[in-house]
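The next block holds one structure in the form of structure tokens; read it before the comments.
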Amino acid sequence: MTTTSFLLRNVTVVDGTGSAPVPGQAVVVEGRRIAWIGPVDSAPSTAPEHVVDGGGRTVLPGLINCHVHLTHDGTPDLMAQVATDTIPIVTLRAARAARVTLQSGVTTVRDCGAADEVAVELAKAIERGMIPGPRVQAAGRVITMTGGHGHFIGREADGPDEVRKATRTEIKAGAAVIKVMATGGVLTPGVSPTQTALLPEELAVVAQEAHNSGRRVTTHAIGRAGIHNALLAGIDSIEHGFYLDDELLELAVAQGTFLVPTILAVDGIIRNGRAQGIPGWVVEKAENEAQQQRASFAAAVASGMRIAAGTDAGTPFNGHGDLALELALMVEHGLTAMQALVAATRSAAENLGLAHEIGTLEVDRLADLVLVDGDPVADITATGRVVLVVKDGVVHRNELTDTGAAVPKAA
Ligand SMILES: [Zn+2]
């Protein structure tokens, strides 16, 4: 996986900003970065072996999934998997998930919770080039109340002092972002998705500690009171957000809070159900929330709340590498295809605090590129037809048959 320099010609550029697609373009990658973008005719002269013909396909910024769990794989019964897991097995599973994710055109993910620092360490292994995978912004363990949602991948803490210590401990352990639980959830036994979890003063401490350390903070929040508490605490993004209403949306829009809707997660549980081995209590909770989720997402779209794409990959029947399915659901429920593309590129990068490096195709940004078959602005499912993946200027997937020798088949 050596870094190279090459010219990708004959492509339509969709740059991630929401600007109209520009056909007949070329992109020059030099080392880790994008060096030049413009019309094919005025592209800098390059040795033929360093030219890749994109065949008129569409080039996008490397896609970003703001909510994954690399340590899990979409097993029907997550709790059963957790109960039998060992750290080596979880680590190997996470490495496989990372590879699958990158092959799908996703060059950056936010891992929203994993036990035993597996995701934090995996991020380092990828960064060092030990294994292929997307750039991982890992939350480490989630901060949750005793017995609260995700306690099996979390650090349980109660009261402002314990919550402060837990947040600082995660930062010390290497968390690049903080994930906190403001409500109950679907996949944890004994809690209701709508119940309030950590209290306003506890959430405020988490946000303060995260921000003091220069990190962003996101929260799992399904019920209305929990979302409200999180917004008042100044948390940067809401995962799931099934009970957004006019008052909450007004607050979210004013503060610039992101929503990561994860429509695919509920969808995967309901479509497969008990028949495929998902515990009944999980299916029941998902079914109870599905209607509200769709209504809440539609309201968020109408309000102009900032939306970033995320799948919650790792939850039942929600595998890695399926961001294209989430984008299709976002379009089905109210976004235009271009808005969905922005949600998975520039907006996602902003949500992760990385917009100065990734999320748009611009000179001097990191060379994270994905080439897809078809026109994703006309048909969002084109994002699932990936033929070339470049991360940090390194080619990790190349299905083009007509390229020069400079662009090696990925390891
Ligand atoms: Zn999650």
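Does at least one position in the range 225-241 carry a residue that is over 21 Å from Asn288 (Cα atoms), polar (S, T, N, Q) and touching a helix residue (DSSP H, G or I) at 6+ places or on another chain (Cβ under 8 Å)?
Checked the range 225-241: at least one residue is over 21 Å from Asn288 (Cα atoms), polar (S, T, N, Q) and touching a helix residue (DSSP H, G or I) at 6+ places or on another chain (Cβ under 8 Å).
Condition check ((1) open to solvent by 10 Å² or more (accessible area, probe 1.4 Å); (2) on the phi > 0 side of the Ramachandran plot; (3) in contact with a Gly (Cβ under 6 Å, 6 or more places away or on another chain); (4) not basic (Lys, Arg)) across all residues:
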| residue | (1), (2), (3), (4) |
| --- | --- |
| Asp41 | yes, no, no, yes |
| Asp53 | yes, no, no, yes |
| Asp85 | yes, no, no, yes |
| Arg93 | yes, no, no, no |
| Arg96 | yes, no, no, no |
| Gly129 | yes, yes, no, yes |
| Arg135 | yes, no, no, no |
| Ala138 | no, no, no, yes |
| Thr146 | yes, no, no, yes |
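Among the candidates Glu247, Glu239, single out the residue that is in a strand (DSSP E or B) and in the same structural domain as Ala157 (by TED's automatic domain parsing).
From the options Glu247, Glu239, the qualifying one is Glu239.
Checking Phe152 against (1) touching a residue at least 60 places away in the same chain (Cβ under 8 Å); (2) within 16 Å of the ligand (Cβ to nearest atom); (3) open to solvent by less than 40 Å² (accessible area, probe 1.4 Å): exactly one of these is not met. Which one?
(3)
Somewhere in the range 66-73, is a residue open to solvent by 30 Å² or more (accessible area, probe 1.4 Å) and either under 30 Å from Gly150 (Cβ atoms) or in the same structural domain as Glu127 (by TED's automatic domain parsing) (or both)?
Yes, the range 66-73 contains a residue that is open to solvent by 30 Å² or more (accessible area, probe 1.4 Å) and either under 30 Å from Gly150 (Cβ atoms) or in the same structural domain as Glu127 (by TED's automatic domain parsing) (or both).
I'd like to check something: does the range 178-195 contain any residue that is under 24 Å from the mean Cα position of the chain (by Cα), within 30 Å of Val100 (Cβ to Cβ), in the same structural domain as Thr101 (by TED's automatic domain parsing) and open to solvent by 40 Å² or more (accessible area, probe 1.4 Å)?
For the range 178-195, residues under 24 Å from the mean Cα position of the chain (by Cα), within 30 Å of Val100 (Cβ to Cβ), in the same structural domain as Thr101 (by TED's automatic domain parsing) and open to solvent by 40 Å² or more (accessible area, probe 1.4 Å): absent.
Only one of (1) assigned by TED's automatic domain parsing to the domain that holds Ala221; (2) out of contact with any Leu (no Cβ under 8 Å at 6 or more places or on another chain); (3) assigned to a helix (DSSP H, G or I) fails for Thr381. Which number is that?
(1)
Among the candidates Ala204, Ala225, Ala230, Ala210, single out the residue that is assigned by TED's automatic domain parsing to the domain that holds Phe317, farther than 15 Å from Arg141 by Cα, assigned to a helix (DSSP H, G or I) and within 23 Å of the chain's Cα centre (by Cα).
Residue meeting the stated conditions: Ala230.
Do we have any residue at all in the range 348-359 that's in a loop (DSSP other than H, G, I, E, B) and more than 22 Å from Arg110 (Cα to Cα)?
No - not one qualifying residue is present in the range 348-359.
Would you point out the residue of the range 102-116, among those that are more than 15 Å from the ligand (Cβ to nearest atom) and open to solvent by less than 10 Å² (accessible area, probe 1.4 Å), that is farthest from Thr71 (Cα to Cα)?
Across the range 102-116, the extreme among qualifying residues is Gly105.
Has the range 50-63 got at least one residue that is of a type in the set (Lys, Arg) and over 27 Å from Ala382 (Cα atoms)?
No, every residue in the range 50-63 fails to be of a type in the set (Lys, Arg) and over 27 Å from Ala382 (Cα atoms).
As an exercise: evaluate Ala254 against (1) open to solvent by 10 Å² or more (accessible area, probe 1.4 Å); (2) part of a helix (DSSP H, G or I); (3) in contact (Cβ under 8 Å) with a residue 12 or more places away in the chain and give the number of the one condition it does not meet.
The single condition Ala254 does not satisfy is (3).
Working carefully through the options Val40, Val13, find the one that is more than 16 Å from the ligand (Cβ to nearest atom) and farther than 24 Å from Leu354 by Cβ.
Being more than 16 Å from the ligand (Cβ to nearest atom) and farther than 24 Å from Leu354 by Cβ holds for just one of Val40, Val13, which is Val40.
Just to be sure, is Gln25 open to solvent by less than 30 Å² (accessible area, probe 1.4 Å) and modelled with pLDDT under 95?
No; evaluated as a whole, the condition is false for this residue.
For the range 307-318, how many residues meet the condition of being surrounded by 21 or more Cβ atoms within 10 Å (Cβ to Cβ) and more than 11 Å from the chain's Cα centre (by Cα)?
5
Among Thr336, Thr311, which is within 16 Å of the ligand (Cβ to nearest atom) and either modelled with pLDDT under 95 or β-branched (Val, Ile, Thr) (or both)?
Among Thr336, Thr311, only Thr311 is within 16 Å of the ligand (Cβ to nearest atom) and either modelled with pLDDT under 95 or β-branched (Val, Ile, Thr) (or both).
Glu287 versus (1) on the phi > 0 side of the Ramachandran plot; (2) open to solvent by 40 Å² or more (accessible area, probe 1.4 Å): which is the lone unmet condition?
Tallying (1) on the phi > 0 side of the Ramachandran plot; (2) open to solvent by 40 Å² or more (accessible area, probe 1.4 Å), Glu287 fails exactly one: (1).
If you check Ala406 against the conditions, is it at pLDDT below 95, within 22 Å of Gly55 (Cβ to Cβ) and of a type in the set (Gly, Ala, Ser)?
When the stated conditions are applied, Ala406 passes them.
Against the condition within 14 Å of the ligand (Cβ to nearest atom), open to solvent by less than 10 Å² (accessible area, probe 1.4 Å) and at pLDDT below 95, how does Val260 come out, does it pass?
Answer is no for this residue.
Taking the stated definitions as given, is Ala300 open to solvent by less than 10 Å² (accessible area, probe 1.4 Å) and over 21 Å from Val109 (Cα atoms)?
yes
Kindly indicate whether Thr360 is away from the ligand (no atom under 16 Å from the Cβ) and among the β-branched types (Val, Ile, Thr).
Against the criterion (away from the ligand (no atom under 16 Å from the Cβ) and among the β-branched types (Val, Ile, Thr)), Thr360 qualifies.
The values are calculated or read from the model by the stated rules, or taken from the named source; none is laboratory data. Keep in mind that this is a model prediction, so the values were computed, not measured. Cβ: placed from backbone, ideal geometry, glycine included. Neighbour counts: every protein chain shown. Heads up: the accessible areas ignore ligands, DNA and RNA and are worked out on the full protein's heavy atoms, side chains in. Shrake-Rupley method; radii C 1.70, N 1.55, O 1.52, S 1.80 Å.
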